[in-house]
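Down below is the structure, laid out as structure tokens.
The values are calculated or read from the model by the stated rules, or taken from the named source; none is laboratory data. Everything numeric here is computed off the predicted structure, so don't read it as measured data. Glycine also receives a Cβ, built like all others from the backbone with ideal geometry; neighbour counts cover every protein chain displayed. Surface areas here come from the heavy atoms of the whole protein model, side chains and all, with no ligands, DNA or RNA. Shrake-Rupley method; radii C 1.70, N 1.55, O 1.52, S 1.80 Å.
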Amino acid sequence: MHTQLWRYIGKRLLLMIPVLFGLSIIVFLIMALIPGDPAQAILGAYATPENVARINVQLGLDQPLPMQYVTWLSNILQGDFGRSYAQNRAVLDIISERFGATLILAGTALVLCSLFGLLAGIISASRQYGLADKMITFVVLIGISMPAFWLGLLLIMFFAVDLRWLPASGMYSMWGGDDLPDLLRHLILPASTLAFIATGVIARLTRASMLEVLRQDYIRTARAKGLHERRVIYRHAFKAAMVSVVPVIGIQAGFVLGGAVYVETVFQWPGIGSMLVNAISQRDLLLVQGGVLVVAAAYVVFNLLADVVQFILDPRVTA
């Protein structure tokens, strides 16, 4: 089993190489083909033709696109993401400072949506067509249909403005704090907002997978032997259903990372999402390209981990 697992991980790592290569091309082209001159955005009121030409030469923007991509990619492979035009700092340093905050937010949201989504799906499937099933299905449909940024604004209005129970923005209090309780208080609203839609998706897939497993012959046999219903559901049915649910959780990890862009903006969370919004408005190409590439690579890694867990649960599925 260990040999098969390491062989599978090695194969998946090799498959990641063309995926990341393709992502680098897409990220580069999307930013390079956006209308507008980055040099003019950098110089602002000082954007004379001479200054624009000088900046374009310094940044290599006067080269053909294929040459720009080769230069950019070769620098990336050496760990050099370039320098931010607007901040005049190394892109990798800025991303490193911000990525930790995004991981805290996205990781918390992923844990929440996984736990509540799995639990809701199990309860809904075990009580099919009952009151609990109908209520969960109703809440799930609302959650899937609700834009995350709008939900975030509603939570801010209710819990931060009206009740004043929780802070509305930031990662720590401006007047001190900087400890774990302060972080958790600031984390509740953005993490809940980010997790709400993903919870609905996981709950629906868990319910469908559980219902399919509960119809299998070996489940009927387990019940016929007199096993307690809770043991049948959690010991036998849930484990089999997880084989289908784990890849969905991996996909939702990517959704959570992508959703962090606007959720961080709504809650002023100092992560990569808010950094990208500011960088796009400033036409800071290298910072945007580096940030998007790091987020995309993290998404690929999350999917790799999900595939490995799925292989451990059932090697026949992904062998």
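Descriptive notes on the structure:
- Of the residues Leu153, Leu141, the single one that is farther than 14 Å from Glu264 by Cα and open to solvent by 80 Å² or more (accessible area, probe 1.4 Å) is Leu141.
- Residue ranges of helices (runs of 4 or more DSSP H) in segment 200-319 with at least 3 members at pLDDT 85 or above: 238-267, 272-281, 285-313
- Selection status of Thr206, under 12 Å from Leu105 (Cα atoms), touching a residue at least 24 places away in the same chain (Cβ under 8 Å), in contact with a Gly (Cβ under 9 Å, 6 or more places away or on another chain) and not aromatic (Phe, Trp, Tyr): no
- Taking segment 281-309 as the range and being open to solvent by 50 Å² or more (accessible area, probe 1.4 Å) and under 23 Å from Ser74 (Cα atoms) as the test, the residues that pass are Val292, Tyr299, Val301.
- Residue in segment 165-219 that is farthest from Met146 (Cα to Cα), counting only those that are open to solvent by less than 40 Å² (accessible area, probe 1.4 Å) and hydroxyl-bearing (Ser, Thr, Tyr): Ser173
- Output for segment 80-110, where each listed residue is within 23 Å of the chain's Cα centre (by Cα), free of Cβ contacts under 8 Å to residues at least 60 places away in the same chain and farther than 30 Å from Ile202 by Cβ: Asp93, Ser96, Glu97
- Residue check, Arg204 basic (Lys, Arg), more than 19 Å from Val261 (Cβ to Cβ) and in contact with an Asp or Glu (Cβ under 8 Å, 6 or more places away or on another chain): no
- Taken as a whole, the condition of being more than 29 Å from Gly170 (Cβ to Cβ), modelled with pLDDT of 80 or more and not small (Gly, Ala, Ser) applies to Arg12.
- For segment 155-185, the set of residues classified as farther than 22 Å from Phe255 by Cβ and in contact (Cβ under 8 Å) with a residue 12 or more places away in the chain consists of Phe159, Ala160, Leu166, Pro167, Ala168, Ser169, Gly170, Tyr172, Ser173, Leu183, Arg185, listed by residue number.
- The criterion of at least 1 residues that are exposed (fewer than 13 other Cβ atoms within 10 Å of the Cβ) is met by the following helices (runs of 4 or more DSSP H) wholly inside segment 5-111: 49-59, 65-77.
- Scanning segment 258-280 for residues that are open to solvent by 10 Å² or more (accessible area, probe 1.4 Å) and in contact with a helix residue (DSSP H, G or I) (Cβ under 6 Å, 6 or more places away or on another chain) yields a total of 9.
- Residue list for segment 112-138, restricted to those being open to solvent by less than 80 Å² (accessible area, probe 1.4 Å) and among the hydrophobic types (A, V, I, L, M, F, W, C): Leu112, Cys113, Leu118, Ala120, Ile122, Ile123, Ala125, Ala132, Ile136
- Qualifying positions in segment 112-154 - among the basic types (Lys, Arg) and in a helix (DSSP H, G or I): Lys134
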